[in-house]
Structures are given as C-alpha cells and as structure tokens.
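A short worksheet on the structure shown next.
The values are calculated or read from the model by the stated rules, or taken from the named source; none is laboratory data. This one's a predicted model, so the numbers in the text were calculated from it and none came from an experiment. So basically every Cβ, Gly included, is an ideal-geometry build from the backbone, and we count neighbours across all protein chains shown.
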Amino acid sequence: MPAPVLDTPRLRLRGHEMSDMEPFWAFFQSDRARFVGRPKNRTHLWYGFASEVGSWDLCGHGGWRVEDRAGTLLGQVAITQPPHFPELELGWMLLDGAEGHGYAQEAATAALNWAWENLGVDSLVSYIDPANARSVALATRLGATPDRAAHLPLGETADETVVYRHFPDQDGGPEAYA
C-alpha cells in the first residue's frame, strides 16, 4: 500500500519522492542530526530512506514526507518498527528552518490519529535521546510519558534512549472525545 495522504490545516503528509534524498542528506550532515542515527554514506542513507518507503507495502506503516501547502519539504514523520525496535515507534525530524512553527506537533498528531484509527494498536513509543530537549518537549506536548519499563532498541542503553509512550486518550485521539 502506498503511504496515505493526510492533510492538516497547514500541512500535507504524503509518500516520499526521490527529490527528498538531497535535503535528507544535508540534514544528516548537520548538527541538527546529532541525536539520531546518521547514515555513514549515501548508500546507507538510501537504505534508510528506502525502508521508510517500502515499509508501507511490507508492514502497512512507514514514513511520510511533511510539506507545507505550497509543497515545500519540511521534514518527515514516521510510524515504523525496524527489526531492532521492540515496538512500533512514532518518530519525527524537521529540516533546517522548519523548527519553531509547530509543524512537528501538527504532523505527529496527524500520524498518531491515523495510527489509532488504522493500526489497531493500544500504544506507540518514541525513542528519544534524553539530551534532545526539543523532542522530549514535543513528546510531552503530545501527551506521551516516559516508560522506564519499556524495552529499548537493540544495542541502546538507558543513558542513550528514553522511551516515551503515547496512548490514544492522551494524544487527542478518538477515545479522548468519547
């Protein structure tokens, strides 16, 4: 299945296109990527990028290109579970210049609502470097709370990763309005 298109008041979430590769490469070369796994080279970037796209067909979830109404690429939001992740994760990243406008929260909320309506899951997690204050703040604004009992991604430690757990009733999902 291709990535579904999700529209919010200011954004569109849709499947990636090849032209997203160069801005992603630039992101991963910048200091903005210090809290996420950086690809070692363009081949590794391709592997990660292709997995975000291919996950839709293989798993029924994956990565979305986040763009504004003019079609400008702002970043990515994804719901994925690569083999080293013990649970389905909600992740996000914004390109340089896109931060500080509420885009990540708007896109992540749309992705969460899609997950609650389509995936039949009770919760999602976000794996966050504890030094990444902006992502911790966003997870908190989304209603997620630290889950110290959750399993970490393979090879990661509690010093490197905090698990934030999202539930539908805390994230403004359908149950919040029942």
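A few points about this structure:
- Complete set of residues in region 19-35 that are touching a Phe, Trp or Tyr at 6+ places or on another chain (Cβ under 9 Å) and surrounded by fewer than 17 Cβ atoms within 10 Å (Cβ to Cβ): Met21, Ala33
- In region 113-120 there is at least one residue matching the filter, namely being over 16 Å from the mean Cα position of the chain (by Cα), loosely packed, with under 15 Cβ neighbours inside 10 Å and at pLDDT 95 or above.
- Subset of region 95-138 [aliphatic (A, V, I, L, M) and free of Cβ contacts under 8 Å to residues at least 12 places away in the same chain]: Ala133, Ala137
- Some residue of region 80-87 being of a type in the set (D, E, K, R) and free of Cβ contacts under 8 Å to residues at least 60 places away in the same chain: no
- For region 139-161, the set of residues classified as of a type in the set (A, V, I, L, M, F, W, C), in a loop (DSSP other than H, G, I, E, B) and touching a residue at least 24 places away in the same chain (Cβ under 8 Å) consists of Leu142, Ala144, Ala150, Leu152, Leu154, listed by residue number.
- Residue match in region 133-140 (condition: modelled with pLDDT under 95, on the phi > 0 side of the Ramachandran plot and surrounded by fewer than 17 Cβ atoms within 10 Å (Cβ to Cβ)): no
- Selected residue (criterion: nearest to Val77 (Cα to Cα)) from residues of region 124-138 that are touching an Asp or Glu at 6+ places or on another chain (Cβ under 8 Å) and not in a strand (DSSP E or B): Ser135
- Hits in region 21-80 - residues which are part of a strand (DSSP E or B) and either small (Gly, Ala, Ser) or touching a Pro at 6+ places or on another chain (Cβ under 7 Å) (or both): Gly63, Leu73, Gly75, Ala78
- Checklist (1) more than 23 Å from Met21 (Cβ to Cβ); (2) in contact with a helix residue (DSSP H, G or I) (Cβ under 8 Å, 6 or more places away or on another chain) applied to Asp96, failing item: (1)
- Taking (1) touching a helix residue (DSSP H, G or I) at 6+ places or on another chain (Cβ under 9 Å); (2) within 13 Å of Leu13 (Cβ to Cβ); (3) crowded, with 17+ Cβ neighbours inside 10 Å in turn, Ser126 satisfies each apart from (2).
- Taking the criterion of being more than 18 Å from Asp20 (Cα to Cα), part of a helix (DSSP H, G or I) and among the small types (Gly, Ala, Ser), the residues of region 99-112 that qualify are Ala108, Ala110, Ala111.
- Any hit, region 43-50, residues being under 17 Å from the mean Cα position of the chain (by Cα), among the hydrophobic types (A, V, I, L, M, F, W, C) and surrounded by fewer than 16 Cβ atoms within 10 Å (Cβ to Cβ): yes
- Verdict on Leu90 being under 25 Å from Thr161 (Cβ atoms) and of a type in the set (A, V, I, L, M, F, W, C): yes
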